[in-house]
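Here's the structure we're looking at; comments come further down.
Each reported figure results from applying straightforward, stated rules to the coordinates on display, with no laboratory input. Predicted model, so just to flag it, every value in this text is computed and none were measured. Note that each Cβ is placed from the backbone with ideal geometry, even for glycine, and that neighbours are counted across all protein chains shown.
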């Protein structure tokens, strides 16, 4: 392959990320070309409305309305699917892979929903699928897990995978402000989407956790097989209680595998983390991932998890990897799907094997005997109480009861919650948070 | 290449790291082979004394006394140089590269001294040189810089690159203990070498900084072109003063490039870091590196920087990358030297362009007029004083004077130090620490 070879790139989608890729690829093109030894050209850009005014100026001849045509265009080597969604995005991805192209994607929802099909299609047709931008923005966590830590099995991977939630939680804690008002402000600042549900209910983090779990353990765990809980019911009082107990609160994705039993659990929920833990101190829109390998020990990766520039950085690194792959011929490549661990014998852990300590906040009627009732429900489920903080709640005649438990498990806590919420003296739906003992 | 292909590996050196590679490769071989699609065999191990008893049991037929024979053996595909030193290690590395082999190395001193020759030899003969284990142990920082962050230029890279120094500093601070006694203990625990000079004087970190600077900026900066200062003169009192000022003290390697002037500075010295900085809170034998890219922003990488297992994890990841390279044919590969940025126009920053704030500790005679003398020396060099802490020093009749400065530069501080140490009232050699404003 001569130095004059040009690799042609098609962008499907030209929103925030697409414009970022255009901007940074244009700026660094000369240097990248010299480093990679090829020419790089963004040949075609599919946009929903070609006539729309954009801050990024691109030649009109490059604009196309039909993303599928880019996936089918024999002149295009690398297709960047940056449109989001799971319908047209899936069609474009599969079409490009069937044509033996390299697809670069930032679309965790797509990978989570159709990953098995996408990788099977790539394998069958000699296409390749790169997705560094799908988790933790510009932090090269996919590359670290798949290549840098290839000697390892992973008993624990956990971290902050959603910058929006981390921004909201950080602001709530620092300013002692309620969830709703911080959320409204985050929307104004563009840190939260107009429809925030995917972020604040934990689904976006669950999509990313599914990608990491697959990379580390070779099986697809869908969000409906995970415990997924969001941050909407956390209050400033929870932060104060957590501080009293020596913890911070983070929305964590946690992927744990017991290699003795081969049981895997993947979950996303607000978690009390010891104050000294580095990840407990990662604030704002940053993501942070702790990866414990059986050989390397614990390694940490921290950086901006989203945004135009960080995501473009990851997409461009995938383009560079794709160029190396194309230059070497489309043989089997380390960064393709064949080097994943085989998840054959892994099974999902039943709820009674997902163990930990818990933080339980109840709003109860301020009357005698309530603590006794609560304690007896917990005792019935063999949940042992470690500490109790009682304080007056906002509504008159009610009190806030915060209990922490000794080690118990998800099954027992579900039973406990169900029965507690049926008590006449428990006013509101109980809030359950998990307590983590991760130190790093 | 059929599934039955066997990749033959030779280990030159069978000390801590070599035995770690043997141990972990043996344990994970079946899984790695299935992921990589080849057989992996450690065919030959060069040891200094084949008859020595070892805790790791290896077949006698694999033992060899001649490391050069391994580098020359046409049956060996991958040579792991794990012996250290820069003489025989250089010969083995060059010989293997001349034979077109892949060399995997953890030897930062070798790379720092002979990197240009090594990479030129690899280029000329179609060999390849992998060195993930040379910086930050098992943390895949080389891969992150070279591949994951390929879209970026790097205005700042800094971090803790020597776990021994970080262990000593952490213990001194936590236990309010003197350098010498913590060092002695670190030797007993195996955290420090019998000859500690390379670590505590900053040279080991400087070797690693040279590797990172080359990766990021494409030029070789030798330690004698850097500012390199060690941790030997830091006292528990310095930690107390730093705490008073809102800082921790870390031995940092700092690589800064000004892209407007193309000036690069690489230095290793104890540094006051703001208490809230994540890296200021990384304690013990861990390494931590902050990489600021112009596209991705700041990303952080933390993990164990040394030790048998962490280093073996990195060596095995290089072996896996080498296998992918060998399976794809020895064409030009993204992870080889050709994708480095070209450092053509980069030049080293002169001392007057290396700017920052400073912490200066003087032991002075406890008599009138001393502060005036010190202040007038500083004024003469246009160094502006920001704060003064005076306390009694250990020796009778002396006082400890700690001054912090407003922004100044290395040239001015050298002049200041020289003149201060000539003052009759300054009893001991002044101690200069740098103050960093890095927040992440």
In whole percent, the Cα-Cα distances of region B:142-305 spread across 5 Å bins from 0 upward as 2, 9, 18, 22, 19, 15, 9, 5, 2, 0
Would you report the distance distribution of C-alpha pairs in region A:353-435 as whole percents per 10 angstrom bin, up to the bin with the largest distance?
19, 57, 22, 2
Rel. contact order, % - alpha carbon contacts under 8 angstrom, at least six apart, chain A
16
Note the full-extension length gain between residue B:263 and residue B:193 as 0.36 nm times their separation in residues minus their Cα-Cα distance, in nm to one decimal.
21.7 nm
How would you rank A:288-296, B:226-234, A:52-60, highest first, on the average number of other Cβ atoms within 10 Å across their residues?
A:288-296, B:226-234, A:52-60
Please work out the FRET efficiency for the pair residue B:407 and residue B:124, using the Cβ-Cβ distance as r and a Förster radius of 35 Å; give the result to the nearest 0.05.
0.15
What does the helix-only formula give at 222 nm for chain A: each DSSP H stretch with n ≥ 4 adding -39500 (n - 2.57), the total divided by the residues, and the result rounded to the nearest 500 deg cm²/dmol?
-11000 deg cm²/dmol
Can you tell me the FRET efficiency between residue A:156 and residue A:392 if r is taken as the Cβ-Cβ distance and R0 is 45 Å, rounded to the nearest 0.05?
0.70
In degrees, nearest 10, the alpha-carbon axis of helix A:88-98 is tilted away from the dominant principal axis of the alpha carbons of chain A by 50
Under the definition of partner shielding as Cβ atoms of other protein chains within 10 Å of a residue Cβ, what is the mean value for peptide A:297-308?
6
Peptide B:14-27, shielding by other chains (average Cβ, 10 Å cutoff):
1
Put the label 7 Å from Cα along Cα→Cβ for residue A:180; what are its distances to the other copies, in nanometres, shortest first?
6.7
If you average the alpha carbon positions of region B:52-83 and of region A:236-290, how far apart do those two centres end up, in angstrom?
45
Any idea what Rg and Dmax come out to for the protein assembly as shown if you just take the C-alpha atoms, in Å?
28.7, 85
Averaged over the residues of B:283-293, the number of partner chain Cβ atoms within 10 Å of each residue's own Cβ comes to 2
Relative to the first principal axis of the alpha-carbon coordinates of chain B, what is the inclination of helix B:179-189, with its axis defined by its Cα atoms, in degrees from 0 to 90 and to the nearest 10?
20
The chain A residue whose Cβ lies closest to the rotation axis carrying chain A onto chain B, with that distance rounded to whole Å, is A:328, 2
Per principal axis, largest first, the Cα atoms of region A:38-176 extend in Å by 51, 41, 32
Copy-to-copy spacing for residue B:98, label 7 Å out on the Cα-to-C-beta vector, in nm, shortest first?
5.5
Chain B: angle of helix B:308-327 to the longest principal axis, Cα-based, in degrees nearest 10:
50
Rounded to the nearest 5, the percent of DSSP beta bridges in the protein assembly as shown running antiparallel is 65
Points 7 angstrom from Cα along the Cβ direction at residue B:421 and residue B:16: gap in nanometres?
3.2
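Provide the FRET efficiency to the nearest 0.05 for the residue B:29-residue B:5 pair, computing r from the beta carbons and using R0 = 22 Å. Don't jump to the answer; show the numbers that get you there.
Values: r = 15 Å, r/R0 = 0.67.
Efficiency at R0 = 22 Å is approximately 0.90.
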For region B:195-216 versus region A:365-431, the gap between their alpha-carbon centres in whole angstrom
56
Residues in region B:250-278 reached by a label modelled at residue B:352 [backbone nitrogen below 17 Å; 7 Å Cα→Cβ]
B:261, B:263-264
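Answer rounded, prolate or oblate for chain A, using the Cα gyration tensor with square roots of eigenvalues a ≥ b ≥ c: rounded when a/c is under 1.5, else prolate when a/b is larger than b/c, else oblate.
Numbers: a/c = 2.55, a/b = 1.89, b/c = 1.35.
Because a/c hits 1.5 or more and a/b exceeds b/c, chain A counts as prolate.
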Taking each label point as 7 Å beyond Cα in the direction of the beta carbon, state the distances from residue A:237 to the same residue in the other copies, shortest first, in nm.
5.2
